[in-house]
1. Across segment 205-217, what is the number of residues that are closer than 17 Å to Y271 by Cβ and surrounded by 16 or more Cβ atoms within 10 Å (Cβ to Cβ)?
2. State all residues of segment 120-139 that are part of a helix (DSSP H, G or I) and open to solvent by less than 40 Å² (accessible area, probe 1.4 Å); if no residue qualifies, say none.
3. Confirm whether A344 is without any contact (Cβ under 8 Å) to a residue 24 or more places away in the chain and of a type in the set (A, V, I, L, M).
4. So Y368 ticks every box in (1) without any contact (Cβ under 8 Å) to a residue 60 or more places away in the chain; (2) in a helix (DSSP H, G or I); (3) within 32 Å of the chain's Cα centre (by Cα) but one. Which box is left unticked?
5. Enumerate the pairs (first residue in segment 203-217 and under 12 Å from I324 (Cβ atoms); second residue anywhere and of a type in the set (G, A, S) and assigned to a helix (DSSP H, G or I)) with beta-carbon separation below 6 Å, excluding pairs fewer than 6 apart on the same chain, so at least 6 apart or on different chains.
6. So which helices (runs of 4 or more DSSP H) stay within segment 314-361 end to end and still have 2 or more residues that are buried (at least 17 other Cβ atoms within 10 Å of the Cβ)?
7. Exposed (fewer than 15 other Cβ atoms within 10 Å of the Cβ) and of a type in the set (S, T, Y), is that true of S280?
8. Of the numbered conditions (1) within 20 Å of G69 (Cβ to Cβ); (2) open to solvent by less than 30 Å² (accessible area, probe 1.4 Å); (3) not in a helix (DSSP H, G or I); (4) not aromatic (F, W, Y), A170 fails exactly one; give the number of that condition.
Amino acid sequence: MNAFLKEVVVMLTPKKVAALKPREKRYVVTDSHGLTLRVYPTGAKTWVLRLCTLGRVTDIKLGNFPEMGLKEARQITRQKRKERGQEPPRGYVFADAFRIWCDQKRGRIVSYENERWMIERHLLRHIKNKQIDEITAPLIVHIVQPLLEADRKVTLKRVIMRCREILDLAVAAGLIKHNPVERLNRIYSPAEVTPMPAIDWQELSSAMSVISYASRRMQVIFLWSLCSMLRPGEVASIKWEWIENDVLTIPAEKMKKRRQHRVPIIPALRYLLDEAKAVSRHPKSGYIFPGAGGSRPMSSQTLAKYLHSTELRGKLVAHGCRSIARSWMADHEVSYEVAEACLAHLTGSAVSRAYQRSDFLDARKNVYAQWCFYVFDCARCAGIKVDSD
């Protein structure tokens, strides 16, 4: 985290501190604002803050190097000088802590880009260069007030949650002593979460009647989303090279839970893959559902936007296809573990998952076969062309 010192104008650097060698006599190296490092003949190095108050000079021992690094010594110097009403040196700002958060979350959470954009929009632009030890709960309350007034409670809760995470990391890194927004979310009432719209599985034939007017490509995307039970983002990202020996293996980094997921390619799914290739605008693309140009996948919102333009608006969203499938499995006595495995959900505790590592692939083949049979039957009733086998 030495990169966070770039904005602090000082004489010393961590490398210089580490490189200081003992001499025959003790000597002192000055940093700024009274912070010094004493180097003893034994090789020991001690941080000392020299303060002058009412003409009286006081030396305060802060700690020893390397137990206390340069960044901790500077931050304590800032705190001590502030306590005595003296001009404090420039310390860490919110942007420094935000960089730590980015390093922690990048590549580890699927929603990283969206979360980072949200933080930049609702927090960073207001307090990017704010001294981190001057951030208070009332300040954050003032910043998120527009979200509360706009009744965007879900976004407000997410912003506060991420702000708390960022400042928690700042505490862990020694940038501040405590998190001023640790319990801030308690002053706001819980957001009302409305489940995504989805029709009952018994109504699937009616939905197919709407889909029958879609282009063949959109029909295939809809049928594949239903039959594969994948999330919209996962549907969009799949590549031909991930299919081998009648199994589609989606890499962990493309899955929401960062866990590899396998889909058995039964005949019905193989038929849809062949149809996807036949109607593809870029049949040589590596993606099963390529976007414009073929070098990138289609947007994860492709199906959602189409459904929004039909009479299914407000009744069914792309993610709702998974809900239809899950409800069908529950009503057809599919075991809980197998049904959740079809949706790539994690079940059980971390300990139980350490022992139970099967993804029920063989058991899921029969479930997919029965589910696809029902989906294709609904499609036929609506006049949508599907495999007759």
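1. Of the residues in segment 205-217, 3 are closer than 17 Å to Y271 by Cβ and surrounded by 16 or more Cβ atoms within 10 Å (Cβ to Cβ).
2. Scanning segment 120-139 gives H122, L123, L124, I127, I132, A137.
3. So A344 fails the test.
4. (1)
5. Cβ pairs passing all conditions: M208/A379.
6. 320-331, 336-342
7. It is false that S280 is exposed (fewer than 15 other Cβ atoms within 10 Å of the Cβ) and of a type in the set (S, T, Y).
8. Only one criterion in (1) within 20 Å of G69 (Cβ to Cβ); (2) open to solvent by less than 30 Å² (accessible area, probe 1.4 Å); (3) not in a helix (DSSP H, G or I); (4) not aromatic (F, W, Y) is unmet by A170, namely (3).
The values are calculated or read from the model by the stated rules, or taken from the named source; none is laboratory data. Quantities reported herein were computed from a predicted structural model and do not represent experimental measurements. Quick reminder, even Gly has a Cβ in these numbers, built from the backbone with ideal geometry, and neighbours come from all protein chains shown. What goes into the accessible areas is simple: the full protein's heavy atoms, side chains included, and nothing from ligands, DNA or RNA. Shrake-Rupley method; radii C 1.70, N 1.55, O 1.52, S 1.80 Å.
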